[in-house]
């Protein structure tokens, strides 16, 4: 019995050894494969890195070539025989000077070069003085005097390095001073011609500094001041993109957030504020180097570079708020989408206005002009008021009932966790026995304990999450935090504007003129894009019609750059002028640019006549003698996109056409008020009013040049009120009365020729 057990044990040991060897060999093979794969990929990875670094900033390539040229020039002191005879072995100091002094920016090179030259000159002068005094004494006293001088000067200079002003401006010069002084003073005790060596070193260092200054100031110079100026503009633009992208992603129903997922460097939100948070050291260094640079612009005054550093500090605090705002997207507890949708429009408007203000500030700094007095526009205050009104309209989300049975879930979850912990803690080992059965029992109990411990570790956060989500305010609290941080960005924006105004005053930026460029927001897809446009007209002024990237004309016939003559129909105005008294069309002449019975009922004909005409009024007539219409404040451009606005509205006439039409305003926020499909007719809201909707689905992009597939017919229309536009006063949910669909006999569109001529 004993021998059998011993043989089993020996066989088990042999099996374990074989298994261990197999694992080691497998691991070694995997490491070898990984190493070979890494070596194979190295050339491609290295080339991509080289290409990316040069593409991100081509000045890096130019600077590298400048350093190579400078090193070649100072190397001639060695390579050319006459120059080597005049300079000698000390030519190496010129090479060292180029390597150490030549920086990326002119300010950095000036700072290091002048520090090195000044430190070398002072150290040499002081060393000659010490040498002159020591020479007059005996050899023993001379050694003591030199040692005492080295100790005193070294201690004093090192202590001076701790002075804030010297550490900030002359730290490198003090280091060079210590190095040169000790080299000359100590070597003078053994070398007789130390004065000649010092002169040669000083000359070669001067030659190296001269080559560096030549390369930095005269050949494609990179100015630290300009770098700091452009970096400030870039940080403002990054924050503008980040704040709006963050809010857009928060209300995006298609995005699923993972709190454990790390932030991607390509994430526009993270990329926008990361550059701001990491800019402190770079800003201070650029400001220091800019203070050494000569005036290189037409401005005779000196720029306050330290004010740029102060502005950078304010922007970092703005960035901290964006970090917290971005964190709301990745919290464990999230407000349900149905609740978030109630506040989507005011939050999106507020974020858009903040982003617009930041872009306008960036544009003013870029052009070195003072901010517009209306940088904090009335639209920003209106957006704040709308958000406040929306929050007040849902009091039960934030002020629930006093008693709620679900609040007892917290105590229930805690009690359940405590009972499970007590039950698991009572598990203990039985008395250890020597037979194999007892050993198996002990192993099985141990495995059971480990499994229970793992379950308990998984269960604890689950119970905590259940308890938290069962709290009375769990649905509203995450959004309350998000909304408060969004409002905090407005407060931070005010501080940013104060620093920018102070910068403009000290730097003597030019005054803002009404004709200066300002920033407007263009909606493209899910995110808004910033663009510069002329602000002294109601609508942007385009000389030519916009074209597609590939030369397509959005389904319209190409006629070259020559613009066709605008044609209008002689049709009397079918609505009173008071209908548009609160719009851009107030007081302007209105003419009929499209008449369906003459131009055609196809959506293609509609866009040929109505695109790029500006705001317009649409009036339709059904076969049941129903007269209705709509106002489009954005106009049509066949963008296959939608627009947000509160200015659009529908209207209709009752049985008596002599009375004024009844106006139905936009409701449910400004979102998706208008749709501009190239293959469809007028569409207001998702279902408010659709005249000739496209017969094929629109995927958010253009179907191609001159496409006729799925083009809508304006003879067909449908309407459902209440979701996007207000219901009729009589309670009917269709613009056509009792019917949701109608057959159209005539459609006319009126626009302002004055505005249309500006496109």
>> Looking at the structure I just gave you, is residue 133 surrounded by 18 or more Cβ atoms within 10 Å (Cβ to Cβ), in contact with a helix residue (DSSP H, G or I) (Cβ under 9 Å, 6 or more places away or on another chain) and farther than 26 Å from residue 69 by Cβ?
In response: no
> Residue check: is residue 377 within 20 Å of residue 491 (Cβ to Cβ) and either surrounded by 22 or more Cβ atoms within 10 Å (Cβ to Cβ) or without any contact (Cβ under 8 Å) to a residue 12 or more places away in the chain (or both)?
Replying inline: no
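Here's the yes/no breakdown for (1) assigned by TED's automatic domain parsing to the domain that holds residue 305; (2) more than 30 Å from residue 303 (Cα to Cα); (3) assigned to a helix (DSSP H, G or I):
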position: 128; (1), (2), (3): no, yes, yes
position: 145; (1), (2), (3): no, yes, yes
position: 191; (1), (2), (3): no, yes, no
position: 231; (1), (2), (3): yes, no, yes
position: 234; (1), (2), (3): yes, no, yes
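Of everything in the stretch 598-633, what is part of a loop (DSSP other than H, G, I, E, B) and either touching a strand residue (DSSP E or B) at 6+ places or on another chain (Cβ under 8 Å) or under 25 Å from residue 757 (Cα atoms) (or both)? Give them in sequence order.
The initial filter retains those residues of the stretch 598-633 that are part of a loop (DSSP other than H, G, I, E, B), namely 600-601, 612-615, 623-626, 633.
Matches in the stretch 598-633: 600, 601, 612, 613, 614, 615, 623, 624, 626, 633.
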> When residues of the stretch 641-670 are filtered for being part of a loop (DSSP other than H, G, I, E, B), modelled with pLDDT under 85 and within 26 Å of residue 756 (Cα to Cα), how many remain?
Replying inline: 1
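The rows are residues; the columns are (1) modelled with pLDDT under 85; (2) within 25 Å of residue 336 (Cα to Cα); (3) assigned to a loop (DSSP other than H, G, I, E, B).
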{"position": "253", "(1), (2), (3)": "yes, yes, yes"}
{"position": "263", "(1), (2), (3)": "yes, yes, yes"}
{"position": "266", "(1), (2), (3)": "yes, no, yes"}
{"position": "270", "(1), (2), (3)": "yes, yes, no"}
{"position": "299", "(1), (2), (3)": "yes, no, yes"}
{"position": "303", "(1), (2), (3)": "yes, no, yes"}
{"position": "310", "(1), (2), (3)": "no, no, no"}
{"position": "313", "(1), (2), (3)": "no, no, no"}
{"position": "320", "(1), (2), (3)": "no, no, no"}
>> If I go through the stretch 740-757 residue by residue, how many of them are within 18 Å of residue 685 (Cβ to Cβ) and assigned to a loop (DSSP other than H, G, I, E, B)?
In response: 1
> Which of (1) crowded, with 17+ Cβ neighbours inside 10 Å; (2) in the same structural domain as residue 293 (by TED's automatic domain parsing) is the odd one out, the single condition residue 202 does not satisfy?
Replying inline: (2)
> So, of the residues in the stretch 649-667 that are surrounded by 17 or more Cβ atoms within 10 Å (Cβ to Cβ) and in contact (Cβ under 8 Å) with a residue 40 or more places away in the chain, which turns out to be nearest to the chain's Cα centre (by Cα)?
Replying inline: 666
> Among the residues of the stretch 88-104, is there at least one that is crowded, with 18+ Cβ neighbours inside 10 Å, closer than 16 Å to residue 189 by Cβ and at pLDDT 80 or above?
Replying inline: no
>> With the structure loaded, tell me whether residue 326 is crowded, with 21+ Cβ neighbours inside 10 Å and farther than 25 Å from residue 491 by Cβ or whether it fails that test.
In response: no
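Conditions tested, residue by residue: (1) within 12 Å of residue 208 (Cα to Cα); (2) exposed (fewer than 15 other Cβ atoms within 10 Å of the Cβ).
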position: 58; (1), (2): no, yes
position: 73; (1), (2): yes, no
position: 106; (1), (2): no, no
position: 109; (1), (2): yes, no
position: 113; (1), (2): yes, no
> Out of the residues in the stretch 734-759 that are within 47 Å of the chain's Cα centre (by Cα) and loosely packed, with under 15 Cβ neighbours inside 10 Å, which is modelled with the highest pLDDT?
Replying inline: 741
> Could you list, in sequence order, the residues of the stretch 136-162 that are farther than 19 Å from residue 191 by Cβ and buried (at least 16 other Cβ atoms within 10 Å of the Cβ)?
Replying inline: 153, 157
> Got a number for residues in the stretch 331-344 being assigned to a helix (DSSP H, G or I) and either surrounded by 14 or more Cβ atoms within 10 Å (Cβ to Cβ) or free of Cβ contacts under 8 Å to residues at least 40 places away in the same chain (or both)?
Replying inline: 7
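The values are calculated or read from the model by the stated rules, or taken from the named source; none is laboratory data. Just so it is clear, the structure is predicted and the values come from calculations on it, not from any experiment. Positions of Cβ are backbone-derived with ideal geometry, glycine not excepted, and every protein chain shown enters the neighbour counts.
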